[in-house]
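The values are calculated or read from the model by the stated rules, or taken from the named source; none is laboratory data. Because the structure is a prediction, the values reported are computed rather than measured. Don't worry about glycine lacking a Cβ; one is built from the backbone with ideal geometry, like all the others, and counts go over all protein chains shown.
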Amino acid sequence: MPTARGLAVAGTGVLLLVLGVLSEYQELALLGGVAVAAVVLAVVAVGRPAAVAVERSPSAVRTSPGAAVDVRLSLRNTGRRAVRAADRVGGHRGERPVRPQRLAGRAAAEVHYRFRPGRRGLVRLGPLRAGRSDPLGLAAAYRDHGDTDLVWVHPRWEPLGSVPVGRRADPDGEADGAPSGALTFHTLRDHVPGDDLRHVHWRSSARLDRLVVREYIDVSQPRLHVIVDDRPAPGGEDALDEVASVAASLVGTGVGASMHCELWLVSGRGRDSAGGLPPMLDLLAEAVPSPDADLEGALRLARSRPAGDTAILVGGALGTADLRSFGRLEHHYSSLVAISLGAAERPAAPPSVTLLCAGDARGFAERWNGAPWSR
């Protein structure tokens, strides 16, 4: 189809052609006709490019800021005419094309390129864009081929000295991070495939006309609930990067200590340590400032979760009202800790909340490791 240049040339040609005919100025009409014909010929010459088969293989699907990721593309042109193909890398700075590669008709090629993500986030690779244009730039035809691959760029984090817990783990037991299959009854929930049929509560199932099972928790196992404030804050994405780094340090330390950890964004999404640490870091990589995030709603959700030892609220410039709302969880958790990053003034915290203020994630780690937490 015509490009912006081609449309301008064609429009000018039509105008010259009409003026030449009306004024009986043959040279002007001829010039206009040539311009229109050039655009039409360019569109015909470009045609519709055939499909390009593509297989993309990144060297890693999870990485950290500054680490290089190598990508290998296997391309095959199914048409008889040559095309130019370019992959695309989309991140926090927008989308940029990779250096185009000429692919002859019926030919195959291997293309390698490297990118270095500069910050936490989600990088999208592809889809491949392939096609051709005429030498004058009057017409071009490009199509997208293949799927989009994702690379999670996890926030930078470092292990902390300890995480405060309200109860000690049973030294004679084994903390495996699994909230089900332990010894203490917690609640009834709907049956899902894979549940042990011995845990079905038949009386309740008959009353509700659906299968429900008993859910058990290990009350001897330390539990950590981290709430990440992803509401828009001064500093935007940069501020949220620092918040995500702090949250990653907390859950990374908790998982390393065999604690059962839950990570929840104020905007509503959550993960727990049953799937290990990487999915939790994936969630932090995907987090963006959310105008619809509701802290009160997130705290109500925290009250509905199994009672834990420690709840930690991490946010950029938390206010006194936020801490007061967080303090209402004191009857549900043995320990409440709030971490406020980048606040111009120190907010007032209720007696039930331990407040730690820092300028960034690095300052947080120093202050946290210097605090006399119970271990």
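Quick notes on this structure:
- Every residue from region 273-304 that is of a type outside the set (A, V, I, L, M, F, W, C) and part of a helix (DSSP H, G or I): 273, 275, 278, 279, 282, 286, 296, 297, 300, 303, 304
- Scanning region 10-21 for residues that are of a type in the set (Val, Ile, Thr) and closer than 9 Å to residue 32 by Cα returns 12, 14, 18.
- Enumeration of residues in region 41-79 that are within 19 Å of the chain's Cα centre (by Cα) and either over 30 Å from residue 140 (Cα atoms) or hydroxyl-bearing (Ser, Thr, Tyr) (or both): 59, 60, 61, 62, 63, 64, 65, 66, 67, 68, 69
- Residue check, residue 349 hydrophobic (A, V, I, L, M, F, W, C), in a loop (DSSP other than H, G, I, E, B) and in contact with a helix residue (DSSP H, G or I) (Cβ under 7 Å, 6 or more places away or on another chain): yes
- Looking at 278, 234, just one residue is modelled with pLDDT under 90, within 25 Å of residue 366 (Cα to Cα) and not charged (D, E, K, R), and that residue is 234.
- From the list 273, 267, the lone residue that is of a type in the set (Gly, Ala, Ser) and touching a Gly at 6+ places or on another chain (Cβ under 7 Å) is 273.
- Test result for residue 27, at pLDDT 95 or above, charged (D, E, K, R) and outside any loop (DSSP other than H, G, I, E, B): no
- Of the residues making up region 192-208, just one is among the charged types (D, E, K, R), part of a helix (DSSP H, G or I) and either surrounded by 12 or more Cβ atoms within 10 Å (Cβ to Cβ) or under 39 Å from the mean Cα position of the chain (by Cα) (or both), namely 198.
- Residue match in region 291-311 (condition: over 29 Å from residue 187 (Cβ atoms) and in contact (Cβ under 8 Å) with a residue 12 or more places away in the chain): yes
- If you go through region 359-375 and keep only what is outside any helix (DSSP H, G or I) and free of Cβ contacts under 8 Å to residues at least 24 places away in the same chain, you end up with 359, 370, 371, 372.
- Positions within region 140-162 being assigned to a strand (DSSP E or B) and basic (Lys, Arg), in sequence order: 143
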